[in-house]
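Everything on this sheet refers to the single structure shown next.
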Amino acid sequence: APFVLDVEKMEVESSYNGPHIEGDVVTLDFVHAMIERFKDQKMIHRKYVAMILNQVSELFGTLPNCLPLKCPTDSEAPFTVCGDVHGQFYDLLNIFSLNGEPSEERPYLFNGDFVDRGSFSLEVIMTLFAYKLVYPTGLNLTRGNHETKNMNKIYGFEGEVQHKLDNQVMRLFTQCFCRIPLC
């Protein structure tokens with residue numbers, strides 16, 4: 001059985017002043033509020049990190065190893081392909097600023113290497129995973145060589161997650177990465 005963190009046992013303290021996921025549905029409003037919080041260099045509550053990871057892991061588990069992508073047929077409609085964000089959160093936001101926010105009408109494909117090296121890998125991957133939940137076919141992710149336990153240990157993502165969150169969350173990230181389609 002897949003590893004999950006039991007979010008029902010997690011309490012959000014009354015002192016937490018960040019965005020909340022109402023029920024268990026990640027909304028576009030939540031994603032926008034989360035991004036604003038990340039810009040202030042603040043993390044979302046561990047419960048919401050776990051909720052997103054649990055849900056995206058389940059979603060990835062339903063996908064084939066090779067994604068069948070549908071490109072827009074309208075010649076004016078963009079299809080943005082990106083690679084090697086490597087924890088550069090502000091570069092990711094710039095990509096969205098230049099090309100538009102991901103959506104079903106404005107699909108993206110990110111070809112791996114979302115994390116490691118940069119200082120904001122956690123913010124990058126949480127942003128991508130949250131958009132994936134809001135737009136399952138509008139934001140597509142394939143696994144790179146940095147979405148592995150060994151690379152995360154060597155190049156910094158594991159340390160970043162342990163510093164900002166904890167080992168249990170890192171374990172959940174490792175599982176999510178193993179479920180991302182390969183191509």
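The values are calculated or read from the model by the stated rules, or taken from the named source; none is laboratory data. The structure displayed is predicted, hence computed values, not measured ones. Don't worry about glycine lacking a Cβ; one is built from the backbone with ideal geometry, like all the others, and counts go over all protein chains shown. Side chains are part of the model used for accessible areas, which takes the heavy atoms of the whole protein and leaves out ligands, DNA and RNA. Shrake-Rupley method; radii C 1.70, N 1.55, O 1.52, S 1.80 Å.
Key figures
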{"item": "Residue match in region 87-97 (condition: assigned to a loop (DSSP other than H, G, I, E, B) and either surrounded by 16 or more Cβ atoms within 10 Å (Cβ to Cβ) or at pLDDT 95 or above (or both))", "result": "yes"}
{"item": "Considering residues of region 1-21 that are out of contact with any helix residue (DSSP H, G or I) (no Cβ under 8 Å at 6 or more places or on another chain) and open to solvent by 70 Å² or more (accessible area, probe 1.4 Å) only, the residue modelled with the lowest pLDDT", "result": "ALA1"}
{"item": "Breaking point among (1) in contact with a helix residue (DSSP H, G or I) (Cβ under 9 Å, 6 or more places away or on another chain); (2) open to solvent by 10 Å² or more (accessible area, probe 1.4 Å); (3) assigned to a loop (DSSP other than H, G, I, E, B), for PHE114", "result": "(2)"}
{"item": "Hits in region 74-114 (condition: under 21 Å from LEU28 (Cα atoms) and of a type in the set (Asp, Glu))", "result": "ASP91, GLU101, GLU104, GLU105"}
{"item": "Where a residue in region 70-86 is closer than 19 Å to ARG143 by Cα and its partner, wherever it lies, is among the charged types (D, E, K, R), with Cβ under 8 Å and at least six apart", "result": "THR80/ARG106; GLY83/ASP113; ASP84/ASP113; VAL85/ASP91; VAL85/ASP113; HIS86/ASP113; HIS86/ASP116; HIS86/ARG117"}
